[in-house]
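Participant: One structure coming up, written as structure tokens, with questions to follow.
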Amino acid sequence: MPILSESRKKNRVTLLDVARYASVSRATASLVIRKSPLVSTETRAKVEAAMKELGYVYNMGAARLRADRSLTIGVVIPNLVNPFFTELLAGIDRIIDAAGMVVILVNSRDLVTRQETLLTRMREHGVDGIILCPAAETEMLLVERMVEWELPLVQVLRRVSDDCDYAGVDYALGMRQAVDHLADLGHRDIAFALHGPVHSAYQERVDGFRDAMDARGLDPGNIIRVPNHIAEIAEAAPLFVSGSRRSSAVVCFNDVVALGLSAGFYDIGMTVGRDFSLVGFDDVADAEAMRPRLTSVATFPEAIGEGAAKLLLDRLDKPDLAPRKLVNAPQLHIRQSSAFWQGGVGGRAQNAG
């Protein structure tokens, strides 16, 4: 590399200075700044070393003006506590970061009014596009408003309209996998434990459970709502093993419900995976950490997040694309919480996992 002069150090360093110092073209230096995969590892290292040596500071504001973009993406989710959304965000961030952009994350708390406020604020801050998991009771007017604002929108996990991009999972297939697994183990009285507000993903899971039960000639009507918090879900466990709703197995709306019911069955002296079978949905990290390990339908939230981010980047690059859907196939992961059933408490032949 050439020797850096004192006068150059005192003046504002430009990208052309970096290019000359690294003995590359300005275009190549620009590709490094934008994290382009077209640049070789050796050239990238050389340019980055020149930037560090010269003290080059990338002028983001000027770049935004040139590109007419803020290089920021808004992500709106309804729940920061559920670990599922943490994995979803990891997937989104990986793709957005690789594109040289930044994610602005907000929590709607599943409230339509708060969601509207957050979207307005994001528009005011000039985000380039939105990835939105719509709050319950979101109406199609929201999509129409995004069109009026000329703000690209990708729906994720839940959808209110087929007129814009969507990334999600085949909930009905996941329910069929769960019900078929339990039915193959000999269970006939299978319940569905759900919670939370009604939205498209909620309804698709309910419909999927009913259709799967009908297909196996089983009663699809044993659907029980449980509270939202784990401690309160645990208190609902007796509902599944007594009275007219008595069952031998339950498919859970998500792994949070499964975790709560597992604790509840322990409290009333029942052993999950022996006296009762549980199947979760989503297969987040806690499923493997539970004891017994939780059989769960994996929905691969990181992959969904990556898909949503790619849809949005494509939309930014080609605004006139027809609306697209990325619907991932789930996969049942069988572990210890589901067991063969022969009738009566403790009536299993062997553990299924």
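Participant: Which pairs have Cβ atoms under 6 Å, sit 6 or more apart or on different chains, and link a residue in the range 32-46 that is under 13 Å from residue 22 (Cβ atoms) and modelled with pLDDT of 75 or more to one that is in a helix (DSSP H, G or I) and basic (Lys, Arg)?
Facilitator: 32/44
Participant: Which count do you get for residues in the range 74-107 that are within 15 Å of the chain's Cα centre (by Cα) and either among the small types (Gly, Ala, Ser) or in a strand (DSSP E or B) (or both)?
Facilitator: Residues meeting the conditions: 10.
Participant: On to the next question. Out of everything in the range 211-249 that is out of contact with any strand residue (DSSP E or B) (no Cβ under 8 Å at 6 or more places or on another chain), among the charged types (D, E, K, R) and farther than 13 Å from residue 183 by Cα, what residue ends up being modelled with the highest pLDDT?
Facilitator: Step by step, filter the range 211-249, then rank; the result is 211.
Participant: Tell me which residues, restricted to the range 214-244, are exposed (fewer than 13 other Cβ atoms within 10 Å of the Cβ) and aliphatic (A, V, I, L, M).
Facilitator: Selection gives 231 alone.
Participant: Looking only at the range 156-182, count how many residues are touching a residue at least 40 places away in the same chain (Cβ under 8 Å), within 18 Å of residue 198 (Cβ to Cβ) and of a type in the set (S, T, N, Q).
Facilitator: Final tally of qualifying residues: 0.
Residue-by-condition table, conditions (1) more than 19 Å from the chain's Cα centre (by Cα); (2) closer than 19 Å to residue 254 by Cβ:
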{"position": "151", "(1), (2)": "yes, no"}
{"position": "160", "(1), (2)": "no, no"}
{"position": "166", "(1), (2)": "no, no"}
{"position": "169", "(1), (2)": "no, yes"}
{"position": "173", "(1), (2)": "no, yes"}
{"position": "178", "(1), (2)": "yes, yes"}
{"position": "181", "(1), (2)": "yes, yes"}
{"position": "185", "(1), (2)": "yes, no"}
{"position": "189", "(1), (2)": "yes, no"}
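Residue by residue, here is whether (1) among the basic types (Lys, Arg); (2) over 27 Å from the mean Cα position of the chain (by Cα) holds:
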| residue | (1), (2) |
| --- | --- |
| 225 | yes, no |
| 238 | no, yes |
| 247 | no, yes |
| 254 | no, no |
| 259 | no, no |
| 264 | no, yes |
| 275 | no, yes |
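Participant: Moving to a separate point now. Which one of the conditions (1) touching a Phe, Trp or Tyr at 6+ places or on another chain (Cβ under 7 Å); (2) part of a helix (DSSP H, G or I) does residue 142 fail to meet, given that it meets all the rest?
Facilitator: Result: residue 142 fails condition (1) only.
Participant: Now for a different question. Identify the single condition in (1) in a helix (DSSP H, G or I); (2) in contact with a Lys or Arg (Cβ under 6 Å, 6 or more places away or on another chain) that residue 134 does not satisfy, given that it satisfies every other one.
Facilitator: Of (1) in a helix (DSSP H, G or I); (2) in contact with a Lys or Arg (Cβ under 6 Å, 6 or more places away or on another chain), only one is false for residue 134: (1).
Participant: Continuing with the same structure: Name the pairs: first residue in the range 202-223 and assigned by TED's automatic domain parsing to the domain that holds residue 176, second residue among the aromatic types (Phe, Trp, Tyr), Cβ to Cβ under 6 Å, at least 6 apart or on different chains?
Facilitator: 204/171; 205/171; 208/171; 209/192; 223/192
Participant: Any idea how many residues of the range 30-48 are loosely packed, with under 14 Cβ neighbours inside 10 Å, part of a helix (DSSP H, G or I) and not acidic (Asp, Glu)?
Facilitator: Total satisfying the criteria: 2.
Participant: Quick check on the range 296-346: of everything there that is charged (D, E, K, R) and in contact with a Gly (Cβ under 9 Å, 6 or more places away or on another chain), which residue is farthest from residue 88 (Cα to Cα)?
Facilitator: Among those residues, the one meeting the criterion is 335.
Participant: Just a yes or no: is a residue in the range 136-150 surrounded by 19 or more Cβ atoms within 10 Å (Cβ to Cβ), of a type in the set (Phe, Trp, Tyr) and either touching a residue at least 24 places away in the same chain (Cβ under 8 Å) or under 22 Å from residue 281 (Cα atoms) (or both)?
Facilitator: no
The values are calculated or read from the model by the stated rules, or taken from the named source; none is laboratory data. Here the structure is a predicted model, which means the values were calculated and not measured. Here Cβ is always computed from backbone atoms with ideal geometry, including for glycine, and neighbour counts include all displayed protein chains.
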